[in-house]
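Single-structure report; data block below.
Derivation of every value follows stated rules applied to the coordinates shown; laboratory data play no part. Keep in mind that this is a model prediction, so the values were computed, not measured. Backbone-built Cβ (ideal geometry, glycine too); neighbour counts: all protein chains shown.
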Amino acid sequence: VRDVEIDPEGTFKYILVRLQRPGGGDQRDIVRGTGAAEFHNHIFEKVNPEMEKLGYECKCLGGGKIDHNSKDKKIRVFGLSTGYGKADHSVTVEILKKVYTDYEITWSDDKK
């Protein structure tokens, strides 16, 4: 399971999802985001069945938005999800840094 799956460009909704093996085994957090989702729960509704097939239980830890500028190699994490609440953007940034090692990645509590 990839740590990060986000759109290559643009501003879009994202969610932070905790994967766990049934019975309380190993757990890890992943980031999923796409402009195709009108609402944050649309992302979760796609991720959850995929992860269940792989034997994981999923829990959405919250959401927000990502502004991905691939030309300037910058990612900004901000905002919140009305349904899931605000994700811990600092956790999201640490996960993004594993994948986008040469990017400048920042976060804020700004709404826009």
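I'd like the projected area of the range 27-93, averaged over all directions, using the convex hull of its alpha carbons. Report it in nm² with one decimal.
Its Cα hull, projected and averaged over all orientations, spans 5.0 nm².
Rounded to the nearest 10 degrees, what's the angle between the helix 40-53 long axis and the longest principal axis of the chain, both from Cα atoms, 0 to 90?
40
Compute the orientation-averaged projected area for the chain from the convex hull of its Cα atoms and round it to one decimal in nm². Numbers along the way, then the final one.
Values: hull surface 26.4 nm².
It is 6.6 nm².
In the chain, what % of DSSP beta bridges are antiparallel (nearest 5)? The partial results should precede the final answer.
On the way: 25 of 33 bridges.
Around 75 percent antiparallel, to the nearest 5.
Between the DSSP loop rule and a limit of at most 16 other Cβ atoms within 10 Å, which GluC sites (Glu not before Pro) in the range 12-69 are left?
Passing both the DSSP loop test and the Cβ count: Glu38.
Students often forget the sequence filter, so: which lysines lie under 24 Å Cα-Cα from Lys74 once same-chain residues fewer than 8 apart are removed?
Lys13, Lys65, Lys86, Lys97, Lys98, Lys111, Lys112
List the extent of the Cα atoms of the range 64-111 along each of their three principal axes, largest first, rounded to whole Å.
Per principal axis, max minus min of the Cα coordinates gives 31, 18, 14 Å.
Under a 10 Å cutoff between Cα atoms, tell me which one of Asp72, Asp29, Asp88 has the largest fluctuation in the Gaussian network model of the chain.
With Cα springs under 10 Å in the chain, the top fluctuation among Asp72, Asp29, Asp88 is at Asp72.
To the nearest Å, what is the center-to-center distance of the range 1-58 and the range 75-112, using C-alpha atoms only?
First find each Cα centre; the distance between them is then 14 Å.
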